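Here the structure is laid out as structure tokens; the discussion comes afterwards.
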Amino acid sequence: MSKPILCLDFDGVCHSYTSGWKGADIIADGPVDGLKEFLTEVCAVFDIHIFSSRSNQGGIMAMYDWFKEHTGSDIANCLTFPLDKPPAFVTIDDRAICFTGTWPSVEELQNFKPWNKR
């Protein structure tokens, strides 16, 4: 039986992204606190897909290498790096608004800030 897909955004969720964008294959910063422990726990329950704007810009190998460096080979090898957004059971992304059936206002959209900018 296959596990449900947990889709994680890379920049701002896994990678701390404090230096900003440097290119699809340049990953300048370390992990967000608790990443390794989180992945260790969820690997047994979910099929983890790492999806990023880097994914279709030649950045998959850089992300894989980054995970090997910061979380170890065991965790890096249990990750999938799709080119397209997967049909996830749930997605964790720092630049998303959870849709509740009510459309956000333009003002809410314009005032959006990710967790690390609040």
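Figures for the structure shown
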{"quantity": "Options Phe38, Phe67, Phe10; residue that is aromatic (Phe, Trp, Tyr) and open to solvent by 50 Å² or more (accessible area, probe 1.4 Å)", "calculated": "Phe38"}
{"quantity": "Some residue of region 99-117 being touching an Asp or Glu at 6+ places or on another chain (Cβ under 7 Å), open to solvent by less than 100 Å² (accessible area, probe 1.4 Å), touching a residue at least 12 places away in the same chain (Cβ under 8 Å) and of a type in the set (A, V, I, L, M, F, W, C)", "calculated": "no"}
{"quantity": "Scan of region 103-118 for residues that are polar (S, T, N, Q) and more than 21 Å from Tyr17 (Cβ to Cβ), ordered by number", "calculated": "Ser105, Gln110"}
{"quantity": "Verdict on Ser2 being assigned to a loop (DSSP other than H, G, I, E, B) and within 13 Å of Thr80 (Cα to Cα)", "calculated": "no"}
{"quantity": "Search result, residues across region 70-95 that are farther than 19 Å from Glu37 by Cβ, open to solvent by 60 Å² or more (accessible area, probe 1.4 Å) and of a type outside the set (Val, Ile, Thr)", "calculated": "Leu83, Asp84, Lys85, Pro87, Phe89, Asp93, Arg95"}
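The values are calculated or read from the model by the stated rules, or taken from the named source; none is laboratory data. These numbers come from a predicted model, not from an experiment. A quick note on method: Cβ atoms are made from the backbone with ideal geometry, for glycine too, and the neighbour counts reach across all protein chains shown. For the accessible areas, the whole protein counts, side chains as well, though only heavy atoms, and no ligand, DNA or RNA atoms are used. Shrake-Rupley method; radii C 1.70, N 1.55, O 1.52, S 1.80 Å.
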